[in-house]
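Let me begin by presenting the structure, written as structure tokens, before commenting on it.
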Amino acid sequence: MGKKIIVAGGGAAGMCAAIYAARNGADVTIIEKNTQLGKKLSMTGNGRCNLSNLNMNEKMYNLSAEKRMKQWLSVYGVLDVINFFKSLGIVIKSEDGYLYPVSGQAGTVVTAFENEIRRLGVKVIYGEQVKSVKISGSEPDDKALDARQIEAVLTRGAKIDNKLEKYTVVTNLNSYEADRVILATGSLSGAKSTMSTGDGYYICKQLGMNIKDTYPALVGFKCDQNEQMPENGVRCTAEISFMLGTEALAVEYGELQFTRDGISGIPVMQASSKIVKFLAEGKPIYASINFFPDYDDEDFLSLEKEMLRLRDDRSLKEFLNGFYNSNINDMIVSRMKMSASMKMKNISESMVLSIFNAYRNYRIKLSESYGYQQAQVTSGGVSLGDIKDDMAVNDHHGIFVIGELLDVDGRCGGYNLQWAFTSGSIAGTVASL
Ligand SMILES: Cc1cc2nc3c(=O)[nH]c(=O)nc-3n(C[C@H](O)[C@H](O)[C@H](O)COP(=O)(O)OP(=O)(O)OC[C@H]3O[C@@H](n4cnc5c(N)ncnc54)[C@H](O)[C@@H]3O)c2cc1C
């Protein structure tokens, strides 16, 4: 029998690592505190599982991860994910580069993982919570695998001989001996049912790793309660700049969604990781919304001129009807403290121009994010400075940390699952050697 490996956490990263290790002949056990594997995976992509993206590069990840991601993605990138899923019998399709299973069901992806895990004889212990990892045995080996070696391992099945420590994985109920431990317990983000309570941060801290402050990311924001908002559920294409004073922390374009008490949608989620930290520190952040993102200054000027011709007997409400979404019109009129029944001929041209201006720069003060349970990922986590290129911990070469537990967060679009599979495949392969 090969190396005895314990994988803590049976999510996307942990299951992937277990499969790579078991395919390499290791004796693998997954300890999962939930009653099922891949709970969060089954909820991804609105139930469709956006598992990667053809537009893949390191810029899709947080700044502190970018440099390392370039190398990791060169070892295990989007084509490797496609081939991996082929090996699980999952057919993949691209929608503008966003990769999904053709089945359109995240559940089929989880089942494919479970089937392979069973086929390979990986043991799964459900309902036990890993609490800590104790270290005993030989001196740690100070050899790190470089990118060339990892590639050799992954593509040519090279064997690398390491002398390592021994480990005891302690759960709430039992203790388990292992030659290698892969920590894949995920983050703090996700609905309660995903059991994302950030246990791995404590386990890694006990092992001497540094944990970068965590924040909810890929998440929407509540707005200041004094803000004028449109009716719940309004969606519109907009450009949104997130401003701290005069500095734009992030600028995004896409379908903005107004919620009961805030804003959400893809452009807000994409920007979120860059602004949550400032909000948490109590800094004043404003979303500046341009409801006419496809008009440049000249186009908008001609639109204004066209519209100004209609300053006649009609009311402001009639004037704006057809100019933009009626709920947004109402919100802007109310913000301008005007009455919608006012006759246009009684409103000065400069006032009309200020109304138009509000459509290009509508500022809303944000108060806080919707929090971890609404967030798709967590920014921050185990510092990459503590992790070698082969995903092993600098000071303990038989302990590997993978997936969202690390300080890696990607944009919406399959980048976070790609990371789970990249880090899982590397750790699973190297741990089995
Ligand atoms: C609603 C939603 C939609 C998403 N959609 C997408 C998408 O379409 N595309 C994309 O790329 N990303 C998406 N993501 C993000 C993606 O799901 C995560 O980045 C990814 O699942 C992280 O994988 P992981 O294995 O690191 O963590 P997880 O998938 O969270 O797995 C961690 C596992 O560890 C277990 N665990 C935790 N603590 C312990 C412990 N102490 N002992 C034992 N087990 C433990 C948990 O129960 C869990 O099963 C989405 C996230 C959410 C919440």
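The values are calculated or read from the model by the stated rules, or taken from the named source; none is laboratory data. Note that this is a predicted model, so its numbers are computed, not measured. Using ideal geometry, Cβ is built from the backbone for each residue, glycine included, and neighbour counts are taken over all protein chains shown. When the accessible area is computed, the model is the full protein with side chains, heavy atoms only, and any ligands, DNA or RNA have been set aside. Shrake-Rupley method; radii C 1.70, N 1.55, O 1.52, S 1.80 Å.
Which residues, taken from segment 1-18, are over 21 Å from the mean Cα position of the chain (by Cα) and hydrophobic (A, V, I, L, M, F, W, C)?
The answer is 1, 5, 6, 7, 18.
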- Item | segment 243-264, residues that are open to solvent by less than 10 Å² (accessible area, probe 1.4 Å) and closer than 19 Å to residue 413 by Cα | 250, 256
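Find the residue count for segment 1-18, including only residues that are more than 13 Å from the ligand (Cβ to nearest atom) and surrounded by 24 or more Cβ atoms within 10 Å (Cβ to Cβ).
Initially, segment 1-18 is screened for residues more than 13 Å from the ligand (Cβ to nearest atom), giving 1-5.
Applying the additional criterion that residues be surrounded by 24 or more Cβ atoms within 10 Å (Cβ to Cβ) yields 5.
Looking only at that region, the number is 1.
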- Give the residue, chosen from 182, 240, that is crowded, with 19+ Cβ neighbours inside 10 Å, more than 16 Å from the ligand (Cβ to nearest atom) and in contact (Cβ under 8 Å) with a residue 12 or more places away in the chain. 240
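Looking at segment 216-237, which of its residues are open to solvent by 20 Å² or more (accessible area, probe 1.4 Å) and of a type in the set (A, V, I, L, M, F, W, C)? I'd like the intermediate steps shown before the answer.
Filtering segment 216-237 down to residues open to solvent by 20 Å² or more (accessible area, probe 1.4 Å) leaves 222, 224-229, 231-233, 235, 237.
Result: 229, single match.
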- Query: Only one of 353, 320, 316, 301 is over 30 Å from residue 62 (Cα atoms), in contact (Cβ under 8 Å) with a residue 12 or more places away in the chain and surrounded by fewer than 15 Cβ atoms within 10 Å (Cβ to Cβ); which?
  - Reply: 353
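Residue check: is residue 21 of a type in the set (A, V, I, L, M, F, W, C), over 15 Å from the mean Cα position of the chain (by Cα) and within 7 Å of the ligand (Cβ to nearest atom)? Don't jump to the end; show me each part of the working.
Values: of a type in the set (A, V, I, L, M, F, W, C): yes; over 15 Å from the mean Cα position of the chain (by Cα): yes; within 7 Å of the ligand (Cβ to nearest atom): no.
Spelling it out, it is not the case that residue 21 is of a type in the set (A, V, I, L, M, F, W, C), over 15 Å from the mean Cα position of the chain (by Cα) and within 7 Å of the ligand (Cβ to nearest atom).
Could you identify the single residue in 71, 36 that is within 9 Å of the ligand (Cβ to nearest atom) and loosely packed, with under 15 Cβ neighbours inside 10 Å?
The unique qualifying residue is 36.
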- Message: Please go through (1) surrounded by fewer than 19 Cβ atoms within 10 Å (Cβ to Cβ); (2) closer than 20 Å to residue 392 by Cβ for residue 213 and return the number of the only condition it doesn't satisfy.
- Response: (2)
- Pick from 30, 19: which is in a strand (DSSP E or B) and closer than 24 Å to residue 185 by Cβ? 30
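Within segment 41-48, can one find any residue that is out of contact with any His (no Cβ under 8 Å at 6 or more places or on another chain), without any contact (Cβ under 8 Å) to a residue 40 or more places away in the chain and more than 11 Å from the ligand (Cβ to nearest atom)? Lay out the reasoning, then the answer.
Step one: of segment 41-48, the residues out of contact with any His (no Cβ under 8 Å at 6 or more places or on another chain) are 41-48.
When the remaining residues are screened for being without any contact (Cβ under 8 Å) to a residue 40 or more places away in the chain, the result is 46.
Still in the running and more than 11 Å from the ligand (Cβ to nearest atom): none.
Checking segment 41-48: not a single residue is out of contact with any His (no Cβ under 8 Å at 6 or more places or on another chain), without any contact (Cβ under 8 Å) to a residue 40 or more places away in the chain and more than 11 Å from the ligand (Cβ to nearest atom).
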- Query: Taking into account only those residues within segment 387-406 that are under 21 Å from the mean Cα position of the chain (by Cα) and of a type outside the set (A, V, I, L, M, F, W, C), which is surrounded by the fewest Cβ atoms within 10 Å (Cβ to Cβ)?
  - Reply: 403
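Residue 65: aliphatic (A, V, I, L, M), within 14 Å of the ligand (Cβ to nearest atom), in a helix (DSSP H, G or I) and surrounded by fewer than 22 Cβ atoms within 10 Å (Cβ to Cβ), yes or no? Don't jump to the end; show me each part of the working.
Working: aliphatic (A, V, I, L, M): yes; within 14 Å of the ligand (Cβ to nearest atom): yes; in a helix (DSSP H, G or I): yes; surrounded by fewer than 22 Cβ atoms within 10 Å (Cβ to Cβ): yes.
Answer is yes for this residue.
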- For residue 31, are the conditions met, namely being touching a residue at least 24 places away in the same chain (Cβ under 8 Å), β-branched (Val, Ile, Thr) and within 8 Å of the ligand (Cβ to nearest atom)? yes
- Note on the structure: Those residues of segment 323-341 that are free of Cβ contacts under 8 Å to residues at least 40 places away in the same chain and open to solvent by 70 Å² or more (accessible area, probe 1.4 Å) come to a total of 2
